[in-house]
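Scroll down for the structure; my scribbles are underneath it.
The values are calculated or read from the model by the stated rules, or taken from the named source; none is laboratory data. Remember, it's a predicted structure, so these values are computed and weren't measured experimentally. Counting neighbours? That spans all protein chains shown, and the Cβs are built from the backbone with ideal geometry, glycine included. What goes into the accessible areas is simple: the full protein's heavy atoms, side chains included, and nothing from ligands, DNA or RNA. Shrake-Rupley method; radii C 1.70, N 1.55, O 1.52, S 1.80 Å.
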Amino acid sequence: QVQLVESGGGLVQTGGSLRLSCTASTDIFRLNSLDWYRQAPGNERELVAGFSLSGGTNYADSMKGRSILSTDNTKNTIHLQMNSLKPEDTAVYYCSALVGQFRYWGRGTQVTVSS
């Protein structure tokens, strides 16, 4: 079992920035991957950005150039810095860990971008 706790969501205006954080209950470098997903009302959950030792960091096309994923292994935490936010970025953002064939999810944090 891996517990994940997200923080950092909130309300921001178009063009603003937010930094999301996800703290895992275990060493993040022992995970196959640690990722951020998001889900807007009526939409499927989609990958936003992810980190793995084998693949490094990767970003969805919609977030490339506007976000930076960083790790703090001393705190078992990853951060997702999101800039130039748009109303279409409004969603619940979930942290997710892959361990073997199991995927674990946090409770999510709401990000709302006002126009």
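Worth pointing out:
- Here the range 49-106 has 51 percent of its accessible surface on carbon and sulfur atoms, given a 1.4 Å probe and all protein chains in place.
- Separation of the S70 and Q101 label points, Cα + 7 Å toward Cβ, nm: 3.8
- Whole-number percent relative contact order across the chain, with pairs defined as alpha carbons under 8 Å at least 6 apart: 37
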